[in-house]
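Contents: one structure, followed by commentary.
Taken together, the values in this text are just the output of simple stated rules run on the coordinates, not laboratory data. The structure displayed is predicted, hence computed values, not measured ones. Don't worry about glycine lacking a Cβ; one is built from the backbone with ideal geometry, like all the others, and counts go over all protein chains shown.
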C-alpha cells in the first residue's frame with residue numbers, strides 16, 4: 001500500500017520569485033506607486049511655481065531729456081531725429097536715467113497716482129504732494145501740490161510720473177485713447193511710413209475727428225488715460241506706449257493719442273491756444289480745428305520742419321508752392337504769430353517757436369467739446385506743450401519779449417519751474433473745468 005502512494009517533489013521557488021516575495025514583504029509595491037505619485041506632484045509643483053513668479057518689468061524713467069543745443073537749421077535737426085528713430089527701432093529700449101535736467105512733472109492726486117502702473121513701481125515716486133523740502137531727499141509733502149521726490153527734481157519735486165495722463169477714470173480730465181498706426185487690430189502690419197502717417201492724421205481731421213475710423217483700422221490700446229494738461233518736455237518716444245501699458249506690442253514710432261471731453265472756461269472771453277510739438281499737436285474746439293503746430297502739420301499733411309514752412313506761414317518768406325498746399329486747409333490766421341523763449345532753443349530754430357492759434361469764443365457756464373491730438377511720426381523723441389492766451393489780457397514778458405502764458409489745464413497741479421525744452425508758464429493762469437455733455441458743439 002505504501003508503494004502505491006504518489007511521490008511529491010518539493011517545488012523550489014525561482015530567484016525572481018524569491019526577490020519578488022522579499023520586495024513585497026518590504027512593501028515595495030506601495031512604495032513604487034508612492035514614489036511615482038510624489039514625483040508627478042513635484043514636477044507639477046515646480047512648473048506651477050515658475051508660472052506664477054512675475055517677470056521683472058523693465059523700468060522706464062519718465063524724466064525728460066535735456067533740450068536745446070544741437071546744430072542749427074531745420075534739416076540737421078530733423079535728420080538727427082531720423083537717426084534716433086533708426087536706433088530706437090533696432091536697439092533695446094533705453095531708459096532716460098541720469099538725464100541732465102532739473103524738471104519733474106507733477107504727480108496726480110494720490111487716488112490716481114501712476115504707481116499703480118507696475119512698470120513705474122514705487123521706487124522713485126515723489127514722497128508727497130504739496131510738501132516742501134530741500135535737495136533730492138524723500139519728500140514729506142501733503143495735499144495736491146508738489147512733493148519732494150527721490151532724485152533730481154524741480155522745486156523739490158522729483159521721482160517719476162506718467163506725463164500722458166492718469167489712471168483714475170474719476171479724474172476731472174479728458175479721456176485719452178492710444179492708437180498704433182503700424183498695425184491693425186489683429187496686429188498685422190499696415191506698412192505705414194512717415195508720409196502716409198501724415199496723410200492718416202490729415203484725413204482723420206478732415207473726416208470730422210471720428211475716432212471710430214481709427215478703431216476699425218488700427219491697434220487701439222485697451223488702457224485709457226485721463227489727461228488734465230499737455231505739458232510734456234522732450235523725452236524718449238517710447239514713453240507713450242509705456243504709459244498706455246502696450247510697450248510690449250507697440251514700437252515707439254507712428255503712434256497717435258486723442259484726448260477728448262467737454263469743458264467750460266473760468267470766464268467768458270476770446271481765447272487762442274499757443275503751443276508746439278515734436279511731432280504733431282492739433283486742437284479742435286467746439287467742432288472747429290483751431291490749432292496746428294509741430295514738426296509735422298496735421299491739417300495739411302506736410303513735414304513742415306524739413307520744408308522750412310514756418311517763415312512762409314509767418315509771412316517773412318514767399319513760397320507759392322507751399323502757400324498753395326496750405327491754402328484752405330491750415331486752420332490758423334496767416335501771417336502766424338510765433339513766440340520764442342530761451343528754454344526752447346531747438347524749437348526756436350526748427351519751428352520758429354510756439355505758434356499762436358486761431359481765436360475762438362467761449363462763454364462761462366457753456367459746455368464745449370474739445371479734442372487734442374498728439375502724435376509721433378518717426379520715433380526718437382517726443383514733446384508737446386499747449387498754452388492758453390486770452391485776447392486783450394496782459395501777461396508778464398520773457399527775456400525774448402514773448403508773453404509768459406498759462407498752461408491750458410483742468411486741475412491745480414503745476415510744475416514748480418520750467419523744464420529744459422519747454423516754455424515758461426504763468427502759474428496764476430485760469431483753470432478750465434470738465435463738464436458733462438453730449439459732445440455736440442455748443443451754439
Inset, instruction - Would you mind ranking 229, 217, 182, 324 by Cβ crowding within 10 Å, fewest neighbours first? - result: 324, 217, 182, 229
Legend entry - Label-point gap, in nm, between residue 35 and residue 196 - each point 7 angstrom along Cα→Cβ: 6.3 nm
Inset, instruction - Along Cα→Cβ, 7 Å out, is where each label goes; now give me the distance between the ones at residue 393 and residue 216 in nm to one decimal. - result: 4.1 nm
Legend entry - Stretch gain in nm, segment residue 416-residue 316, where the contour uses 0.36 nm per residue and the Cα spacing is subtracted: 32.4 nm
Inset, instruction - Using Cα centres only, tell me the gap between segment 268-336 and segment 395-431 in whole Å. - result: 22 Å
Legend entry - Burial ordering of 299, 316, 350, fewest other beta-carbon atoms within 10 Å first: 316, 299, 350
Inset, instruction - Report the label-to-label distance for residue 248 and residue 184 in nanometres (one decimal), using points 7 Å from each Cα along the Cα→Cβ vector. - result: 2.5 nm
Inset, instruction - Within 10 Å of each residue's Cβ, count the other Cβ atoms and sort 360, 291 from fewest upward. - result: 360, 291
Legend entry - Shape of segment 193-270, Cα gyration tensor, a/c cut at 1.5: oblate
Inset, instruction - Can you tell me the relative contact order of segment 343-443? Whole percent, Cα pairs under 8 Å, sequence separation 6 or more. - result: 34 percent
